[in-house]
Each structure stands twice: as C-alpha cells, then as structure tokens.
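The values are calculated or read from the model by the stated rules, or taken from the named source; none is laboratory data. Remember, predicted model here, so these are calculated numbers, not experimental data. Here Cβ is always computed from backbone atoms with ideal geometry, including for glycine, and neighbour counts include all displayed protein chains.
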Amino acid sequence: MSYPWIGLCCNLLQLAALVGICVQTYRLLDKKEYFYPLILFLFGMVAFMASDVFWMLHGIIRPDFRFPYSSSEVSQDGALLLLAAGLISLMGRSKAKLMSVTVGSICFTAVNIALWIVWSGEWFKDIFDGLIFMYFVCAVCRCIVRTEGLSRKEWVVLAIAGTLLMAGEASLSFIPESAVLPVDICNYVLMFAILLFFYIKVIRSLCGVGSHIRSLCLAYGGFTWALFSMYMSAEPMYFVGFSSTTAMLIMMYLALRRVVRKA
C-alpha cells in the first residue's frame, strides 16, 4: 500500500520547517565567534532542503521509477557531513580515544548497512551512504559522551535495546511467516520507545538550566535515531520516523540558538 499524500504532506512540513530554520540561523551569523559552526549548520539545512525538493520532484515526475542513486540522496549525504562538521567545529576536536562508543557506533551502523543491502539489494548506494552515516553517528555519539549527555546506565540500556532491535530486524529474513507480525510489532515498539526516550531527554535538557551544548548534542542524537527509525520502517510507520526528523531538526536549531545567545 502506498501513502503518497501523507508523504507529500510530511515533505512539505519539513520543507517549511527548514525554510524557517535557515532564515533564523542566518540572522544569528553576526555572532563572529560562532560564524563557522553557524554557517556549516546553515549549509546543512540548505542541503536538506534540496534533498526534500529533489525527492518531491522525483515523486511527481517519475513516481514509479527508483533511481539507483538520486540527487536527493547526494544532498542528504552532504547535509550529514556539513552538520557533523558544524558540531565538531563548535566543540573542537577531542584528544580522548572514546574507543568503546566509537566501536559501538561503527558496529551498529554496519549492521544497519547490511540490513539495507538485504532489503534493497543496492550494494554501492547503501555502502556509500552508510559510510557517511557511520561517520555522522560516530561524531554525534562522541560529542554526547564528551558533554555527558547520557549516563553510563543509559548507554548500557541503549546498547542492549539496539542489539535486540538489530537481532529482531535481522530475524525477519528467515523466521516463519506466522512469526513475522509479532516480531515486527516488537521491533516497532522498541524502536519508538528509544525515540520517545530521546524526545524526553532533549525536551528536558532544553527546558532546564544545564549545558546548552549538551542539549545540542542530545538533539543531534535524537535526530540520528529518528533517521535510523525512518530507514528501518515501512509505510506508514516510515512517516513517524520522517516526522521525527523534522521535530529533531527544529530542536537542533533551538539548542544551537541557546548556545549562541547565552555565550
């Protein structure tokens, strides 16, 4: 079953949010000490706008044809690199090894890449996109650790939940047909429970009086998980992840604005 109108509405809402974020971010550029993080963030948002526009045009012009590697995916890859560069530029490079979180991020993303390939059969695109996504995930996770955005216990719980989710997603390829629906339901419950966890963490951080950079890193983390949720979901649950990426982009901007204005 296809949900073209829901997809179009989600794209239009995200496009409207991105236009607003770009306009407001541009107004912050007079903060000279934050010029480079802001301009990288702004360009990342523009790249996401281009991705949305390209995807909508593709849906209008060639709705029944899937390109091997589309311009919307190129734009999204560029956006992830720009956002990661902006976050690193804001925080500065870390000399800490942070080996456990780096290895965990790489392994989790690598499993996702393998599942994407199984689902789509597009080796080059999924590996190329996945490597960029892997870099983004590592950068975000390392920044969350540096700002102490998550406690050790929370990291352990997320690691266990992520492992269970990956095992559940992988099992869908070989379990009996009668077991697919129960496992799929469990996967979605776990997936969106983690998404809800990030919503709570980000909102509490934004409403609190703690570190503003920590709020930004948590918002990046929520955005990252929203992307994972989107890529792991079929319609109509796909649109829950898609809508969550929009919400997290807004929270990322709000957190960045607090960092700049409270300096």
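If Ala234 passes every condition in (1) of a type in the set (Gly, Ala, Ser); (2) in a helix (DSSP H, G or I); (3) within 23 Å of Ala110 (Cβ to Cβ) but one, which one does it miss?
(2)
Scan region 53-62 and tell me whether some residue there is buried (at least 18 other Cβ atoms within 10 Å of the Cβ) and either within 19 Å of Val23 (Cα to Cα) or at pLDDT 95 or above (or both).
The answer is no; no qualifying residue exists.
Since Phe108 meets every condition but one in (1) loosely packed, with under 15 Cβ neighbours inside 10 Å; (2) touching a residue at least 12 places away in the same chain (Cβ under 8 Å), which condition does it not meet?
Every condition holds for Phe108 apart from (1).
For region 89-110, what are the residues that are within 16 Å of the chain's Cα centre (by Cα) and of a type outside the set (Gly, Ala, Ser)? So that I can check it myself, show each step before the final result.
First pass over region 89-110, keeping only residues within 16 Å of the chain's Cα centre (by Cα): 105-106, 108-110.
Residues satisfying the conditions are Ile106, Phe108, Thr109.
Just to be sure I understand, how many residues within region 240-263 are at pLDDT 95 or above, among the small types (Gly, Ala, Ser) and over 19 Å from Gln76 (Cβ atoms)?
1
Just to be sure I understand the filter: pairs with C-beta atoms under 7 Å, separated by 6 or more residues or on different chains, first member in region 113-126 and closer than 18 Å to Phe174 by Cβ, second member outside any helix (DSSP H, G or I). Which pairs pass?
These pairs meet every condition: Val118/Ser173.
What about Ile39, is it touching a Pro at 6+ places or on another chain (Cβ under 9 Å) and surrounded by 13 or more Cβ atoms within 10 Å (Cβ to Cβ)? Lay out the reasoning, then the answer.
Numbers: touching a Pro at 6+ places or on another chain (Cβ under 9 Å): no; surrounded by 13 or more Cβ atoms within 10 Å (Cβ to Cβ): yes.
Judged against the criteria, Ile39 is not a match.
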